[in-house]
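This report refers to the structure that appears directly beneath it.
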Amino acid sequence: MFDPLPIPSSPPLILVVDDEPKNIQVVGPLLLKHGYEVVGANNGKEALAKLQTVIPDLILLDAMMPGMTGFELCRHLKVSEEWKNIPVIFLSAATEKDFVINALEAGGVDYLTKPFHGLELVTRLQVHLSLQNTRKRLSATLRERNSLLEVVAHDLKNPLGGIRFAAAMLAENQELDSRTALLVESIIDSTNRSFEIVNNLLQTRRLEEAKERLDKQSLDLTHHAERAVRIFDQHGKSKDISIELDFPTAQIPIHADSTALMCSLENLLSNAIKFSPKGSVVRVKVVRENQHGVFQVEDEGPGIPEEEEKLLFQKFTRLSARPTNNEASTGLGLYIVNELMQAMGGEIRHRRGQRGGACFEILLPLAE
């Protein structure tokens with residue numbers, strides 16, 4: 001059994017689309033009797049015109065109509081940001097399984113055949129409207145939670161900054177006894193850890209926003225790799241780390257989002273330099289592999305212990321290897337890259353490098 005719908009502030013609005021006016025005349029009074037508001041349309045074009053002025057809570061849609069079929073109309077709705085979340089129930093005289101499959105593949109949530117049983121139709125409407133209300137409540141709760149997290153994280157930065165500054169000033173006092181100096185050091189460490197937690201919360205929130213705004217297009221992987229290397233070249237030199245490049249002369253067009261791609265490349269390069277010892281080499285390679293463009297980074301650091309490999313792409317993972325120059329590490333970098341790769345239809349892989357360090361690869365589909 002389904003939970004009954006809560007009493008709405010206004011009756012749910014149902015858009016009935018059918019090229020036979022008599023069918024609308026049958027369905028309309030039935031829905032009105034059960035407390036729904038009804039808007040009718042005789043074809044796909046008229047339905048789209050009605051949607052410019054009203055947003056229904058659910059659409060009852062005939063499958064076979066002249067001009068634009070119900071399947072075509074449903075697919076059109078599902079690519080629209082404004083209409084894609086409206087549940088569509090197909091109501092058709094066709095009973096063949098192919099029609100049911102086509103309806104569901106087009107984005108329909110249910111399929112009823114004519115002639116229909118009035119109570120069954122109303123019951124299915126209530127089920128899908130109840131599910132839709134639940135989705136809306138969950139979405140609103142999620143938005144509220146994310147907003148609260150962001151506000152709290154931002155508001156915590158100011159007092160934490162004050163504590164860290166005061167502790168740093170105390171630490172410069174040469175007259176502190178050993179016990180007080182240890183307490184000040186503990187305050188600084190705890191404050192830095194608190195900053196790390198706050199930044200993790202903000203990065204996680206921004207990641208979800210970035211995944212929602214992906215704009216995938218044809219990009220040159222080699223060009224983006226060169227940009228990323230330029231950004232970290234000076235950082236590598238400051239640790240006496242050289243970066244060796246193996247890039248093709250020709251472009252490697254991939255299908256990806258430019259911002260998400262640069263974020264992924266920079267995370268991998270940052271990690272490689274961060275965990276590399278002084279005087280070592282970071283090798284960066286770009287190559288085609290089957291139907292993918294591949295970006296590879298290999299370092300000469302401590303590598304990833306075999307027992308920790310399963311933790312690599314999890315959120316807030318802190319592995320045993322530590323940055324060689326005490327650089328900050330949030331434990332989010334590889335998680336972010338993995339999430340962005342999945343969102344763009346790619347993947348990230350890890351293996352042990354030829355010189356014992358870590359070797360990470362990201363693969364993205366070729367735009368060709």
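Quick look at the numbers
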{"item": "Summed residue charge, Cβ within 12 Å of residue 21's Cβ, Lys/Arg positive, Asp/Glu negative", "result": "-4"}
{"item": "For residue 293, residues with placed amide H under 5 Å, excluding near neighbours", "result": "364, 366"}
{"item": "Cross-link partners of residue 84 among lysines (Cα-Cα below 30 Å; sequence separation of 8 or more within a chain)", "result": "22, 33, 45, 50, 97, 114, 136, 211, 216"}
{"item": "Cα gyration tensor category, rounded, prolate or oblate, for the range 33-183 with a/c compared to 1.5", "result": "prolate"}
{"item": "FRET efficiency, residue 310 to residue 25 (Cβ-Cβ, R0 51 Å, nearest 0.05)", "result": "0.25"}
{"item": "Size descriptor, Kirkwood hydrodynamic radius, that averages inverse alpha-carbon separations across the chain, Å", "result": "25.4 Å"}
{"item": "Calculated FRET efficiency for the pair residue 13/residue 137, C-beta based, R₀ 25 Å, to 0.05", "result": "0.85"}
{"item": "Under Karplus coefficients 6.51, -1.76 and 1.60, residue-wise ³J(HN,Hα) of the range 164-174 in Hz, glycine/proline x", "result": "5, 5, 5, 5, 5, 5, 5, 5, 7, 6, 6"}
{"item": "Most to least packed among 156-162, 14-20, 122-128 [average Cβ atoms within 10 Å]", "result": "14-20, 122-128, 156-162"}
{"item": "Nitroxide proxy distance, nm - points 7 Å out along Cα→Cβ at residue 213 and residue 145", "result": "2.3 nm"}
{"item": "Distance between the range 112-183 and the range 217-251 - C-alpha centres, whole angstrom", "result": "36 Å"}
{"item": "Those aspartates and glutamates that a straight Cα-Cα span of less than 17 Å connects to residue 310, excepting residues fewer than 8 apart in one chain", "result": "339, 347, 361"}
{"item": "Bridge type composition, the chain - antiparallel percent by DSSP, nearest 5", "result": "55 percent"}
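Since every read-out is calculated from the coordinates, none of them should be taken as a lab result. Just so it is clear, the structure is predicted and the values come from calculations on it, not from any experiment. Cβ coordinates were reconstructed from backbone atoms using ideal geometry, including for glycine residues, and neighbour counts include every protein chain displayed.
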